[in-house]
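Chemist: Quick one: structure below, then a few questions.
The values are calculated or read from the model by the stated rules, or taken from the named source; none is laboratory data. Since this is a predicted model, take the numbers as computed values, not measurements. Here the Cβ is made from the backbone with ideal geometry for all residues, glycine too, and neighbour counts use every protein chain on show. Note: accessible area is taken over every heavy atom of the protein model, side chains too, but ligands, DNA and RNA are not part of it. Shrake-Rupley method; radii C 1.70, N 1.55, O 1.52, S 1.80 Å.
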Amino acid sequence: MVNIAIMGHGVVGSGVVEVILSHKESILRHAHEELNIQYILDRREFPDSPLADRFTKNFEDIVTDDSVSVVVEVMGGLHPAFDFVSRCLCAGKSVVTSNKELVAAKGAELLALAREHGVNFLFEASVGGGIPIIRPLDQCLAANNVLEISGILNGTTNFILSKMIDEGMEFADALALAQKLGYAERDPSADVDGHDACRKICILASLAFGSHVYPEQVHTEGISGLTLADVDYARAWGGEIKLVGRVKKLEDGSLYILVCPMFVPESNQLSHIDGVFNGVMVTGDAVDDVLFYGQGAGKLPTASAVAADVIDCVKHTHAPKYLFWEDNAPKNYVTSHLDVPVSLYVRGHMPDEVSEQIGDLFGEICLLATEDTPEQEVAFITPRMPERELRDKLAELEQTGAQIQTTVRVLERDGRSA
């Protein structure tokens, strides 16, 4: 029997308890050991829980108990999670977490601690909830040089955009529905401003390319500025708007990484991922494109990924699985997004004399139109060029009287944006 502790009894933590208690036979078959939940750390009381006697409010009970060999951290946030996880690793306990904020900010340091103390630090549930992506990226695709990763990494924003696309809901109404259904928090900024997706693409980039990428290095934009007009123009172009997290290794070895809304062509599988579902596309030099798809969040899907990592820890007690990346990325490892060629969708109010200058300024453009295009509204797709040049040209266009309302990057028809 293996004693484990669970730190946090919220949505995911209670789900982990539920999965472990309801899947005892399956866990025993895979882990070859029975799991015993020795402690559950939470500040609240749960007198109606079948494990009411296992609850503690004192972290010291867990870290000082030598019989506990695996600790699950599902509290969220950086503090006190980072301190608790660090101390557990130093005490020789393997740790499993679903905490994307923790892994994105402190992953290199915690992986180094795990290696130093001969234990595991696993985090499958930190990206994609119940979608297996960390383990396949580290193991199944290990013979590949990863060239690129792009994905729809946040179910809340994907739900909102799906409502805008399929039902013509305004952004504010779709967000309110997401909150009512429990998909969005009361403060939805982490989702709609792109920060959640940013943390996830940082984790994937760090694992795939071997050096830690921090969230503050990643240009991040959200979806709150998008309108139904932009949705209609995307359809007229031949695709959909999606919030995409993307990283690509450039020829000089640096990374092009960003999170932003993108026009995704209908030919790309990511354009067909709807609702709260997530999808991650990995491009390898041997395997080409591989898509991982499923529910990116939710109590039981996320709990199942956490439980699978616990089983992995039990199976590899004496031969730890060393996920690892360095914390010594060279200077300019992450290149400025402004230096990379891209096409932009541009929408704005432009008097006739201004719109006539667009072709002269940008070269060959693709004009877009919808049935309800307002008078003097112009929407077009620019040719590809370094984004810095495009932004300079847009500034020049505004000086002539144009009022730019929206710009969105375009995922090229061949599936490449750079």
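Chemist: Once ligands and nucleic acids are excluded and a 1.4 Å probe is used, how much of Arg87 is accessible, expressed in Å² to the nearest 10?
Modeler: The accessible area comes out at roughly 90 Å².
Chemist: Select from Ser126, Val74, Gln139 the residue farthest towards the positive end of the dipole of the range 67-156; place +1 on Cβ of Lys and Arg, -1 on Cβ of Asp and Glu, and compute about the Cα centre.
Modeler: The listed residue farthest towards the positive side: Val74.
Chemist: When the label point is put 7 Å from the Cα of Gln403 along its Cα-to-beta-carbon vector, which residues of the range 336-361 have a backbone N closer than 20 Å?
Modeler: Zone members listed by number: 346-358.
Chemist: Would you mind classifying the range 54-163 by shape? Square roots of the alpha carbon gyration tensor eigenvalues, ordered a ≥ b ≥ c; an a/c under 1.5 is rounded, otherwise it is prolate if a/b is larger than b/c and oblate if not.
Modeler: Cα axes put the range 54-163 in the oblate bin.
Chemist: If you don't mind, another one. Explain nothing, just compute: Karplus ³J(HN,Hα) = 6.51 cos²θ - 1.76 cosθ + 1.60, θ = phi - 60°, for every residue of the range 150-165 in order, whole Hz, x for Gly and Pro.
Modeler: 9, x, 8, 10, 9, x, 5, 5, 5, 4, 4, 5, 5, 5, 5, 6
Chemist: When all protein chains stay in place, what accessible area (Å², nearest 10, 1.4 Å probe) is found for Glu124?
Modeler: Approximately 10 Å² of Glu124 is accessible to the 1.4 Å probe.
Chemist: Moving to a separate point now. Report which label in (1) 60, 50, 43; (2) 77, 46, 33; (3) 106, 48, 34 holds the value of Cα extents along the principal axes in Å derived from the coordinates of this structure.
Modeler: (2)
Chemist: Please report, largest first and rounded to whole Å, the three semi-axes of the ellipsoid equivalent to the range 332-404, where each semi-axis is the square root of five times an eigenvalue of the C-alpha gyration tensor. Don't skip to the end; give the middle numbers.
Modeler: Numbers: eigenvalues 119, 34, 21 Å².
Over the Cα atoms of the range 332-404, the semi-axes work out to 24, 13, 10 Å.
Chemist: Continuing with the same structure: Kindly sort Trp237, Trp325 by accessible area of their heavy atoms, largest first, with the probe set to 1.4 Å. Don't skip to the answer; put the middle values down first.
Modeler: Values: Trp237 30, Trp325 5 Å².
From most exposed to least exposed: Trp237, Trp325.
Chemist: Please list 3J(HN,Hα) in residue order for the range 357-366, calculated via the Karplus relation 6.51 cos²θ - 1.76 cosθ + 1.60 where θ = phi - 60°; whole Hz, with x for glycine and proline.
Modeler: Once rounded to whole Hz, the list reads 8, 4, x, 5, 7, 9, x, 6, 10, 10.
Chemist: Over the range 193-337, average the accessible area per residue using a 1.4 Å probe and give it in Å², no decimals.
Modeler: With the other protein chains kept in place, the range 193-337 gives 38 Å² per residue.
Chemist: When the convex hull of the C-alpha atoms of the range 227-365 is computed, what volume per residue in Å³ does it have? Present the calculation step by step, with values, prior to reporting the outcome.
Modeler: Working: hull volume 26.9 nm³, N = 139.
So the per-residue Cα hull volume is 193 Å³.
Chemist: Just grab the label-to-label distance for Thr64 and Asp289, each label 7 Å out from Cα along the Cβ direction, in nm (one decimal).
Modeler: Going by the 7 Å Cα→Cβ label model, 5.6 nm.
Chemist: How much length would be gained if the chain were fully extended between Ala395 and Ser211, taking 0.36 nm per residue of separation minus their Cα-Cα distance, in nm to one decimal?
Modeler: Working: separation 184, 0.36 × 184 = 66.24 nm, distance 3.56 nm.
Stretched fully, the Ala395-Ser211 segment lengthens by 62.7 nm.
Chemist: Round to a whole number: what % of the accessible area of the range 269-390 belongs to carbon and sulfur, probe 1.4 Å? Intermediate values should be presented prior to the final figure.
Modeler: Values: 2910 of 5930 Å².
Exposed carbon and sulfur together represent 49 percent of the surface.
Chemist: Using modelled amide H (1.01 Å from N, peptide plane; none on Pro or chain starts), what sits under 5 Å from the amide H of Asp65, excluding residues fewer than 5 places away?
Modeler: Answer set, sorted by chain and number: none.
Chemist: Pop out the ³J(HN,Hα) list for the range 303-312 in order, Karplus 6.51 cos²θ - 1.76 cosθ + 1.60 with θ = phi - 60°, rounded to Hz; leave Gly and Pro as x.
Modeler: 4, 5, 5, 4, 4, 5, 5, 4, 4, 4
Chemist: Calculate, for Glu371 and Ala176, the FRET efficiency according to 1/(1 + (r/R0)^6) with r their C-beta to C-beta distance and R0 35 Å; round to the nearest 0.05.
Modeler: 0.80
Chemist: Separate question: Just going by the charge dipole of the chain, with Lys and Arg at +1 and Asp and Glu at -1 on Cβ, which of Gly253, Gly363, Val378 is farthest out on the positive end?
Modeler: Gly253
Chemist: Under 5 Å between amide H atoms, partner at least 5 residues away or on a different chain: which partners does Gln405 have, H built in plane at 1.01 Å?
Modeler: Placed amide hydrogens put Arg347, Gly348, His349 under 5 Å from Gln405.
Chemist: Specify which residue in the list Leu51, Val95, Val63 is farthest towards the positive end of the charge dipole of the range 41-106, using unit charges on the beta carbon of Lys, Arg (+1) and Asp, Glu (-1), about the Cα centre.
Modeler: Looking along the dipole axis, the top candidate is Val95.
Chemist: Treating only the Cβ atoms of Lys and Arg (+1) and Asp and Glu (-1) as charged, compute the dipole magnitude of the range 258-319 about its Cα centre; round to the nearest 20 debye.
Modeler: On the way: 2 positive and 7 negative charges, 71 e Å.
For the range 258-319, the charge dipole is close to 340 debye.
Chemist: Same structure, new question: To the nearest 20 debye, what charge dipole does the chain have about its Cα centre, counting +1 at the Cβ of each Lys and Arg and -1 at the Cβ of each Asp and Glu?
Modeler: Working: 34 positive and 62 negative charges, 297 e Å.
My answer is approximately 1420 debye.
Chemist: Rounded, prolate or oblate: which one fits the range 296-341, using the alpha carbon gyration tensor with axes a ≥ b ≥ c (rounded when a/c is under 1.5, else prolate when a/b beats b/c, else oblate)?
Modeler: Numbers: a/c = 5.99, a/b = 1.70, b/c = 3.52.
It comes out oblate by the Cα gyration axes.
Chemist: Just reorder Tyr256, Tyr322 by solvent-accessible area, largest first, 1.4 Å probe, all chains present.
Modeler: Tyr322, Tyr256
Chemist: For the chain, what is the mean residue ellipticity at 222 nm derived from helices alone (per DSSP H run of n ≥ 4: -39500 (n - 2.57); sum divided by total residues; nearest 500 deg cm²/dmol)?
Modeler: So the helix-based figure for the chain works out to -10000 deg cm²/dmol.
Chemist: Let me ask you something else. Expressed as cubic angstrom per residue, what is the convex hull volume of the alpha carbon set of the range 20-110? List each step's numbers first, then the result.
Modeler: Values: hull volume 10.8 nm³, N = 91.
Output value, Cα hull per residue: 118 Å³.
Chemist: Also: If you take the alpha carbon radius of gyration of the range 273-321 and divide it by 2.2 N^0.38 Å, what ratio comes out, to two decimals?
Modeler: 1.53
Chemist: With every protein chain kept in the model, how would you rank Thr220, Thr382, Thr317 by accessible area, 1.4 Å probe, largest at the top? Kindly include the intermediate steps, with their values, before the conclusion.
Modeler: Working: Thr220 40, Thr382 5, Thr317 80 Å².
Heavy-atom accessible area, descending, gives Thr317, Thr220, Thr382.
Chemist: Same structure, new question: Rounded to the nearest 20 debye, what is the charge dipole size of the range 114-216 about its Cα centre when +1 sits on each Lys and Arg Cβ and -1 on each Asp and Glu Cβ?
Modeler: Details: 7 positive and 14 negative charges, 70 e Å.
With Lys and Arg at +1 and Asp and Glu at -1, about 340 debye.
Chemist: List, in the order given, every pair from Lys242/Lys299; Lys24/Lys163; Lys299/Lys331 whose Cα-Cα distance in the structure shown is over 31 Å. Before the final figure, lay out each step's value.
Modeler: On the way: Lys242/Lys299 24 Å; Lys24/Lys163 39 Å; Lys299/Lys331 40 Å.
From Lys242/Lys299; Lys24/Lys163; Lys299/Lys331, over 31 Å: Lys24/Lys163; Lys299/Lys331.
Chemist: How much length is gained if the chain between Ser336 and Ala91 is pulled fully straight, taking 0.36 nm per residue apart and subtracting their Cα-Cα distance, in nm to one decimal? List each step's numbers first, then the result.
Modeler: Numbers: separation 245, 0.36 × 245 = 88.20 nm, distance 4.04 nm.
Here the segment from Ser336 to Ala91 would lengthen by 84.2 nm.
Chemist: A follow-up question, please. Would you check the accessible area of Ile381, probe 1.4 Å, heavy atoms only, in square angstrom rounded to 10?
Modeler: For Ile381, the solvent-accessible surface is approximately 10 Å².
Chemist: Mind putting together the pair-distance distribution for the range 149-302? All Cα pairs, 5 Å bins, whole percent per bin, short to long.
Modeler: The percentages, shortest bin first, are 2, 10, 19, 23, 20, 15, 8, 4, 1, 0.
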